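S.K.: Just passing along the structure, written as structure tokens.
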Ligand code: MSP
């Protein structure tokens, strides 16, 4: 296997003001695909997701619903966890910022930063968006003082004494860090956005609130509550604690720190790429290796929102089409890092074309022929004797290196394109080489080579698609005569069943195949009346 170093990755810790939306599902699907890819490589992996439960937004939501804040959080957390199960998300840690161990971590961290002299009392004035939990510059606001992200919400004026974090003191160190680590913020468009933001000059930001009760008290002054973002980012650290370890920074940072990858959406880039590194520098801790920011999803070309009445419910979508379909669509159809669109007709077309037709039919046809011509067994032949210029071998041999690189770059769409190229070449090759004619001619050696090379290409495709569509890949493997459960990626990691499966030519002659059944049933086009 290829790696031994630890790989910890995170999704954002989601706000629990509401049930998960398609945006949170999108980040989580991508993170799960990346975690599964790392585990498939045999790399020790820790996939962290969770919830961000404090602050004014949650406090107000619970109040409106007439629930205690914690009751409210508990209920919404269940909604998140059941969606993740439905979507086949296999996380290792679910970090809740209301976990009592988290308070100990936050306290210790705060004290370190305070001892550094980076916290002071000052006067905070400005326009605050509760939905963003962020102060806005006057010039960014829409008419009637509405938030540019939450255009149905008016910002609120704040003028209070708060504790501040001395961000301005980290300008030079941050700039040096970005220059020394050109891959720290990805994609490059986001890196440029951060560089330009930082070059305009960094201002200290307030890390406490006077009139919010739902959160941790400021350790040195319990009359104030810690700002939700200060506490939330540290949720990534708390998540690293072993289940029964004493909650100290030392214990938390022992085995998985620094985190290799923070996956986020572009709206929370500044917090992760500027505030968070500065906080860590202040506490004398190493910084994460990479922050990757994906784009925003629209529906039928329009911004999604409750007020617009065009939200896309991930539970409903997954219930209707299944986890593999939803995972595949978002990762294949949208170049990760760019904005992308959901359109149901397009959704059905993509899945039918790629999974039902290109991949599904190829396997089905070939298995049917293997049944007719080879007693439902992998044909007998000397794999090493297949000519290097055989079209499928030519593509198959270097495929794993290309796919691995694309995965490392989070280029999921490219992963799919590389794999589909092999599958489509397999279809053309099968048509052109006409094994049915070779069979009639009595050329069993040609039949064996044709069927073998196609089946082996489908196998390699299934192997590398498994981080994206684990159930589908498991099904393909089953029909090829293996018992491998790609669904259970945690267990997969612990076994050696898949040794060398990243090599074209792994399928064994005479292995018993299974009666073909469709791996992906063609979906019906949606009723487009509305
Ligand atoms: N609680 C903070 C994160 C704290 S991390 C220490 C938060 N939570 S959130 O629930 O509001 O957002 C979660 C993620 O959903 C963000 O990465 C955000 O970019 C993403 N999305 C929200 N709407 C989205 C779309 N329409 N499309 C794609 N992703 C979007 O922010």
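S.K.: Residue 190 versus (1) farther than 23 Å from residue 69 by Cα; (2) surrounded by 16 or more Cβ atoms within 10 Å (Cβ to Cβ); (3) over 27 Å from the mean Cα position of the chain (by Cα): which is the lone unmet condition?
M.R.: Exception for residue 190: condition (3).
S.K.: Regarding residue 40, is this residue at negative phi and either within 16 Å of the ligand (Cβ to nearest atom) or surrounded by fewer than 21 Cβ atoms within 10 Å (Cβ to Cβ) (or both)? Reasoning before the result, please.
M.R.: Working: at negative phi: yes; either within 16 Å of the ligand (Cβ to nearest atom) or surrounded by fewer than 21 Cβ atoms within 10 Å (Cβ to Cβ) (or both): no.
Taking the combined requirement at face value, the residue does not satisfy it.
S.K.: Inside region 126-140, can you point out the residues that are closer than 25 Å to residue 16 by Cα and within 32 Å of the chain's Cα centre (by Cα)?
M.R.: Answer for region 126-140, where residues must be closer than 25 Å to residue 16 by Cα and within 32 Å of the chain's Cα centre (by Cα): 128, 129, 130, 131, 132, 133, 134, 135, 136.
S.K.: Residue under question is residue 392, and the condition is that it be assigned to a helix (DSSP H, G or I) and touching a residue at least 60 places away in the same chain (Cβ under 8 Å); does it hold? Working first, answer last.
M.R.: Numbers: assigned to a helix (DSSP H, G or I): yes; touching a residue at least 60 places away in the same chain (Cβ under 8 Å): yes.
Here the answer is yes, as residue 392 does meet what is asked.
S.K.: Please return the ranges of helices (runs of 4 or more DSSP H) entirely within region 15-118 where 2 or more residues are within 14 Å of the chain's Cα centre (by Cα) and over 24 Å from residue 316 (Cβ atoms). Quick ask: steps written out before the conclusion?
M.R.: Details: elements: 22-40, 56-64, 69-86, 100-115.
Qualifying helices (runs of 4 or more DSSP H): 22-40.
S.K.: Being closer than 25 Å to residue 274 by Cα, in a strand (DSSP E or B) and more than 31 Å from the chain's Cα centre (by Cα) is the filter here; which residues of region 151-166 pass it?
M.R.: Within region 151-166, 156, 157, 158, 159, 160, 161, 162, 163, 164 meet the criteria.
S.K.: Do you know which of the residues in region 119-150 that are free of Cβ contacts under 8 Å to residues at least 12 places away in the same chain and not in a helix (DSSP H, G or I) is farthest from residue 298 (Cα to Cα)?
M.R.: 137
S.K.: Among the numbered criteria (1) at pLDDT 95 or above; (2) under 15 Å from residue 37 (Cα atoms); (3) surrounded by fewer than 22 Cβ atoms within 10 Å (Cβ to Cβ), which single criterion is violated by residue 487?
M.R.: (1)
S.K.: Sticking with this structure for a sec: Quick one: count up the residues across region 464-475 that are in a helix (DSSP H, G or I) and buried (at least 24 other Cβ atoms within 10 Å of the Cβ). First the steps, then the outcome.
M.R.: So in region 464-475, the residues in a helix (DSSP H, G or I) come out as 464-465, 470-475.
Next, from what is left, pick out any that are buried (at least 24 other Cβ atoms within 10 Å of the Cβ): 464-465, 470, 472-473.
Counting residues in region 464-475 that are in a helix (DSSP H, G or I) and buried (at least 24 other Cβ atoms within 10 Å of the Cβ) gives 5.
S.K.: Further question: Would you call residue 212 surrounded by 18 or more Cβ atoms within 10 Å (Cβ to Cβ), within 16 Å of the ligand (Cβ to nearest atom) and assigned to a loop (DSSP other than H, G, I, E, B)?
M.R.: Working: surrounded by 18 or more Cβ atoms within 10 Å (Cβ to Cβ): yes; within 16 Å of the ligand (Cβ to nearest atom): yes; assigned to a loop (DSSP other than H, G, I, E, B): yes.
It is true that residue 212 is surrounded by 18 or more Cβ atoms within 10 Å (Cβ to Cβ), within 16 Å of the ligand (Cβ to nearest atom) and assigned to a loop (DSSP other than H, G, I, E, B).
S.K.: Here are some residues: 56, 75. Which one is within 15 Å of the ligand (Cβ to nearest atom) and over 20 Å from residue 257 (Cα atoms)?
M.R.: 56
S.K.: Further question on the same structure: Counting only residues that are touching a strand residue (DSSP E or B) at 6+ places or on another chain (Cβ under 6 Å) and over 22 Å from residue 204 (Cβ atoms), how many does region 266-287 have?
M.R.: Within region 266-287, residues that are touching a strand residue (DSSP E or B) at 6+ places or on another chain (Cβ under 6 Å) and over 22 Å from residue 204 (Cβ atoms) number 1.
S.K.: Surrounded by 18 or more Cβ atoms within 10 Å (Cβ to Cβ) and over 20 Å from residue 90 (Cβ atoms), is that true of residue 514? Reasoning before the result, please.
M.R.: On the way: surrounded by 18 or more Cβ atoms within 10 Å (Cβ to Cβ): no; over 20 Å from residue 90 (Cβ atoms): yes.
Considered against the rule, which asks whether it is surrounded by 18 or more Cβ atoms within 10 Å (Cβ to Cβ) and over 20 Å from residue 90 (Cβ atoms), residue 514 comes out as no.
S.K.: Kindly state which helices (runs of 4 or more DSSP H) lie completely within region 269-357 and contain at least 3 residues that are buried (at least 18 other Cβ atoms within 10 Å of the Cβ), at pLDDT 95 or above and within 20 Å of the chain's Cα centre (by Cα).
M.R.: Values: elements: 276-282, 314-321, 323-333, 344-351.
Because the criterion is at least 3 residues that are buried (at least 18 other Cβ atoms within 10 Å of the Cβ), at pLDDT 95 or above and within 20 Å of the chain's Cα centre (by Cα), the helices (runs of 4 or more DSSP H) in region 269-357 that meet it are 314-321, 323-333.
S.K.: Can you tell which of 262, 294, 272 is closer than 19 Å to residue 45 by Cα, in contact with a helix residue (DSSP H, G or I) (Cβ under 9 Å, 6 or more places away or on another chain) and within 12 Å of the ligand (Cβ to nearest atom)?
M.R.: Details: 294 fails: closer than 19 Å to residue 45 by Cα; 272 fails: closer than 19 Å to residue 45 by Cα.
Of the residues listed, the single one that is closer than 19 Å to residue 45 by Cα, in contact with a helix residue (DSSP H, G or I) (Cβ under 9 Å, 6 or more places away or on another chain) and within 12 Å of the ligand (Cβ to nearest atom) is 262.
S.K.: Can I ask one more? Does residue 218 satisfy the condition of being away from the ligand (no atom under 14 Å from the Cβ), at pLDDT 95 or above, more than 30 Å from residue 346 (Cα to Cα) and crowded, with 16+ Cβ neighbours inside 10 Å?
M.R.: On the way: away from the ligand (no atom under 14 Å from the Cβ): yes; at pLDDT 95 or above: yes; more than 30 Å from residue 346 (Cα to Cα): yes; crowded, with 16+ Cβ neighbours inside 10 Å: yes.
Against the criterion (away from the ligand (no atom under 14 Å from the Cβ), at pLDDT 95 or above, more than 30 Å from residue 346 (Cα to Cα) and crowded, with 16+ Cβ neighbours inside 10 Å), residue 218 qualifies.
The values are calculated or read from the model by the stated rules, or taken from the named source; none is laboratory data. Predicted model only: the values in this text are computed from it and were never measured. Heads up, the Cβs are rebuilt from the backbone with ideal geometry, glycines too, and the neighbour counts pull from every protein chain shown.
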